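One structure is given below, encoded as structure tokens.
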Amino acid sequence: MSPQTVPYAHLGSALATDYFFVREQFTEDQWEHFLDTRRFVDREVLPAINEYWEAAELPWPLMRRLPELGLLGEDIQGYGCPGLDPLARGLVNMELHRGDGSLGTFLGVQSGLAMKTISMLGSDEQKERWLPAMARLEKIGAFGLTEPDHGSDSVALETSARPEGDGWVLNGAKRWIGNGSIADVVVIWARSTEDGQVKGFLVEKGTPGFEAATMQGKGASRAIWQADITLDDVR
């Protein structure tokens with residue numbers, strides 16, 4: 001697509017202008033991701049999202065479109081992920097958040113937090129098991145860092161991990177965990193009672209001692225669910 005055919009009128013209030021030659025800074029591939037996401041937001045998100053926001057419901061039809069658009073997994077290479085470069089990823093997130101912060105947050109939690117953690121720190125077995133399914137939205141992930149008393153301050157993190165045999169026992173609480181009550185797997189960050197270091201653990205839905213309750217009465221980002229999570233001797 002040449003610069004002359006780009007719909008500049010949609011870039012801002014200064015219609016049909018590009019004073020800083022923004023378009024010239026992006027490759028064709030980056031710009032196509034931007035335009036695909038913009039069309040999705042204009043044609044599908046904006047006409048529908050207000051009803052989900054008012055009802056505090058998850059916009060499942062819109063969420064299911066994300067893998068069809070090749071967005072889940074963002075910059076992860078392989079495992080069925082799109083391998084977006086940083087600029088393409090930024091353009092996509094900018095457009096999704098323009099449509100609705102809840103939908104943009106869902107992408108951020110699924111891809112940028114849960115999947116990215118598994119991609120960077122998981123074993124080969126964990127990557128093979130979770131990443132392809134998460135890229136297809138067959139599995140949903142969450143990222144359990146934030147706590148009731150300390151927010152997202154990992155230095156003050158209190159959730160504990162006690163070594164036991166070949167595994168670990170987790171105890172503690174998390175709050176404001178996006179996707180927490182619908183996730184198939186949650187990355188839980190806990191402090192080892194052995195060496196005091198913060199470590200990451202994958203906790204699957206249905207694990208005994210793991211409970212996640214959707215938080216009610218939110219005034220913002222109502223079309224994504226955050227959860228209170230309790231961990232009681234989770235193994």
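The values are calculated or read from the model by the stated rules, or taken from the named source; none is laboratory data. Here the structure is a predicted model, which is why all the values come from computation and not from measurement. As a convention, Cβ positions derive from the backbone with ideal geometry for all residues, glycine included, and neighbour counts pool all protein chains shown.
Assessment of segment 58-72 against the conditions (at positive phi and either without any contact (Cβ under 8 Å) to a residue 40 or more places away in the chain or under 16 Å from the mean Cα position of the chain (by Cα) (or both)) yields at least one matching residue. Out of Leu137, Leu103, one residue alone is among the aliphatic types (A, V, I, L, M), crowded, with 20+ Cβ neighbours inside 10 Å and touching a residue at least 12 places away in the same chain (Cβ under 8 Å). It is Leu103. Counting the residues of segment 117-132 that are touching a residue at least 12 places away in the same chain (Cβ under 8 Å) and not hydroxyl-bearing (Ser, Thr, Tyr) gives 9. Per the listing Phe21, Phe34, the residue uniquely assigned to a loop (DSSP other than H, G, I, E, B) and out of contact with any Gly (no Cβ under 9 Å at 6 or more places or on another chain) is Phe21. State whether one or more residues within segment 56-63 are over 30 Å from Val198 (Cβ atoms), surrounded by 21 or more Cβ atoms within 10 Å (Cβ to Cβ) and modelled with pLDDT of 95 or more. Yes: one or more hits. Tell me whether segment 179-188 contains one or more residues that are assigned to a strand (DSSP E or B), over 18 Å from the mean Cα position of the chain (by Cα), within 24 Å of Ser119 (Cα to Cα) and touching a residue at least 60 places away in the same chain (Cβ under 8 Å). No, segment 179-188 has no match at all. On the stretch given as segment 191-210, residues that are outside any strand (DSSP E or B) and either closer than 25 Å to Ser181 by Cα or touching a residue at least 24 places away in the same chain (Cβ under 8 Å) (or both) total 7.
For every residue, the table says whether it meets (1) out of contact with any Ser or Thr (no Cβ under 8 Å at 6 or more places or on another chain); (2) under 19 Å from Ile188 (Cα atoms).
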{"site": "Gly70", "(1), (2)": "yes, no"}
{"site": "Tyr79", "(1), (2)": "no, no"}
{"site": "Arg89", "(1), (2)": "yes, no"}
{"site": "Val92", "(1), (2)": "no, no"}
{"site": "Arg98", "(1), (2)": "yes, no"}
{"site": "Ile118", "(1), (2)": "yes, yes"}
{"site": "Asp124", "(1), (2)": "yes, yes"}
{"site": "Arg129", "(1), (2)": "yes, yes"}
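Residues considered: Thr207, Thr159, Thr193, Thr146. Of these, the only one that is polar (S, T, N, Q), at pLDDT 95 or above, within 28 Å of Trp60 (Cα to Cα) and more than 17 Å from the chain's Cα centre (by Cα) is Thr207.
So which of Ala183, Ala156, Ala190 ends up being outside the structural domain of Arg65 (by TED's automatic domain parsing), under 24 Å from Glu68 (Cβ atoms) and of a type outside the set (S, T, N, Q)? Ala183 is the lone residue from the list that is outside the structural domain of Arg65 (by TED's automatic domain parsing), under 24 Å from Glu68 (Cβ atoms) and of a type outside the set (S, T, N, Q).
Is it true that Gly83 is surrounded by fewer than 20 Cβ atoms within 10 Å (Cβ to Cβ) and at pLDDT 95 or above? Considered against the rule, which asks whether it is surrounded by fewer than 20 Cβ atoms within 10 Å (Cβ to Cβ) and at pLDDT 95 or above, Gly83 comes out as yes.
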